[in-house]
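Working notes for the structure below.
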Amino acid sequence: MNCRHCGAPLRHTFLDLGFAPPSNAYLKAEDLNRPEIWFPLKIRVCDQCWLVQTEDHARADELFSPDYAYFSSTSGGWLEHARRYAQAITGRLGLGAGSFVIEVASNDGYLLKNFVAAGIPCLGIEPTAGTAAAAEAIGVPVLREFFGEALGRRLAGEGRRADLIAGNNVYAHVPDINDFTRGLAAALKPEGTITLEFPHLLRLIENNQFDTVYHEHFSYLSLHAVRRVFEAAGLRIYDVEELPTHGGSVRVYGCHAAAAMAQRPEVERVLRLEVEGGLLDLATYQAFQARADRVKDELLGFLLEQKRLGKTVAAYGAAAKGNTLLNYAGVKPDLLPFVCDAAPAKQGKYLPGSHIPIQAPRALAERRPDYVLILPWNIAAEVRAQNRHLAEQGTRFVTAVPRLEVM
Ligand SMILES: [Zn+2]
């Protein structure tokens, strides 16, 4: 296989998690006796442009299960993040009634509704029918398509180039990153701005976040790699911000290569952080598998020890992260008999691969396990605060990433 960005042969493995089912393929009871498809989950790194990427195996449409579309508006924290971004970028770019904003992967309108409320014309691009309909219901115009160069050119041809193109947590999910980036360039006005948010590869490596690896993620991005992809499409990066979301993300600000924007010092600062973090050194990537294995081994050791001692362990949070970790570790219901999740659509179903049953959070109060393993470690503080009553009755909380920690 060759690099999706620069075409160089991919000779180095960053992480090999064996095989796993798609992380959102939750099962119904009647599915449990049927065969389940497991795809290879192997991540490679390009030693020419440092794009970290999945090995090709399955078509994107085999991975996305329409039944489990994620609605961004279900997270209060994320809505607030979007509202603050909309306010800040409107002021910074001086957006108004004569401007045009495009959001790629606009989901249920969680972000664009802020522009609609401010009277700024906008357009969402969202192929998932359920979320697109939810956005339209609150007054956000949506084009139900996948974004790429063809659509970017079409919008430009219709005179609909944007002053701002936003993309939150879509860039890492794009199979053809070059085509997508050329689309951004085509749909952007000469002095327009692109902002993209994505989990920062530097944080993934530093904090052993190997459980954020799943099939739907095609790229794991550093500023160095994104800068190269942008430059190949006639764009450049003029600013960057570090964000706490998803365990550590960055928001890059891009523009046409010839645009007037001056490059802010933050760009050099984050590039330097990446150099210091070893992101331009193959050895850093080659050392990562051992770090992931240590997380897996510590979790398995803990679960086996509790089983031997006759203690009970349950999990909280039936999210993609948990599925990657549990399937790589080979954890089954004998070690982890149930997982609780607040989303009613998941309750009564089973985790893909591990077949651990998903219950409503009240099961924790009813069954009072000795330990609760919080799988989405990024919301561990929130989960502990919501379940303080369990701690008062002696239940202890556990997270596995970046190290096994019993709280
Ligand atoms: Zn490359």
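The values are calculated or read from the model by the stated rules, or taken from the named source; none is laboratory data. Not measured: the values here are computed from a predicted model. Cβ atoms come from the backbone with ideal geometry, glycine included; neighbour counts cover every protein chain shown. Heads up: the accessible areas ignore ligands, DNA and RNA and are worked out on the full protein's heavy atoms, side chains in. Shrake-Rupley method; radii C 1.70, N 1.55, O 1.52, S 1.80 Å.
Observations on the structure shown:
- Within straight-line cross-link reach of residue 349, lysines at Cα separation under 25 Å, skipping those fewer than 8 residues along the same chain: 28, 296, 307, 311, 321, 332
- Amide H to amide H, with H built 1.01 Å from N, residue 39 comes under 5 Å of 20, counting only residues 5 or more places away or on other chains.
- Loop sites in segment 121-220: GluC sites (Glu not before Pro), DSSP, at most 16 other Cβ within 10 Å: 145, 158, 216
- Point-to-point label distance, residue 355-residue 1, nm (Cα→Cβ direction, 7 Å offset): 2.9
- With kT/(6 pi eta Rh) evaluated at 37 °C and eta = 0.692 mPa s, and Rh the Kirkwood radius from Cα pairs, segment 329-368 diffuses with a coefficient of 316 µm²/s according to Stokes-Einstein.
- Percent RCO, i.e. relative contact order, over the chain, from Cα pairs under 8 Å lying at least 6 residues apart: 14
- Heavy-atom SASA rank of 399, 312 (probe 1.4 Å, accessible area, largest first): 312, 399
- A simple charge model with +1 on the Cβ of Lys and Arg, -1 on the Cβ of Asp and Glu and nothing else charged puts the dipole of the chain at about 440 debye relative to its Cα centre.
- Between helix 288-309 and the chain there is an angle of about 30 degrees, using the helix long axis and the longest principal axis of the Cα atoms.
- Available extension along the chain between residue 289 and residue 79 is 72.1 nm, counting 0.36 nm per residue and deducting the alpha carbon span.
- Judged by the gyration tensor of its Cα atoms, with axes a ≥ b ≥ c, segment 121-208 is oblate; a/c meets the 1.5 cut and b/c is at least as large as a/b.
- The local environment of residue 277, defined by Cβ-Cβ distances under 14 Å, has a net charge of -1 under the rule Lys, Arg +1 and Asp, Glu -1.
- The chain, accessible area per residue, ligands and nucleic acids excluded (1.4 Å, Å²): 41
- Segment 10-56 and segment 204-223 have Cα centres lying 12 Å from one another.
- Counting only DSSP H runs of at least 4 residues, each contributing -39500 (n - 2.57), and dividing by the residue count of the chain, the helix-based mean residue ellipticity at 222 nm comes to -9500 deg cm²/dmol.
- Using the Cβ-Cβ distance between residue 403 and residue 87 with R0 set to 56 Å, the FRET efficiency from 1/(1 + (r/R0)^6) comes to roughly 0.90.
- Candidate residues 211, 297: accessible-area rank, largest first, probe 1.4 Å: 297, 211
- About the Cα centre, charge dipole magnitude for segment 194-245 (Lys/Arg +1, Asp/Glu -1 at Cβ), debye: 240
- Cα gyration tensor shape for segment 129-274, rounded if a/c is under 1.5, else prolate or oblate: oblate
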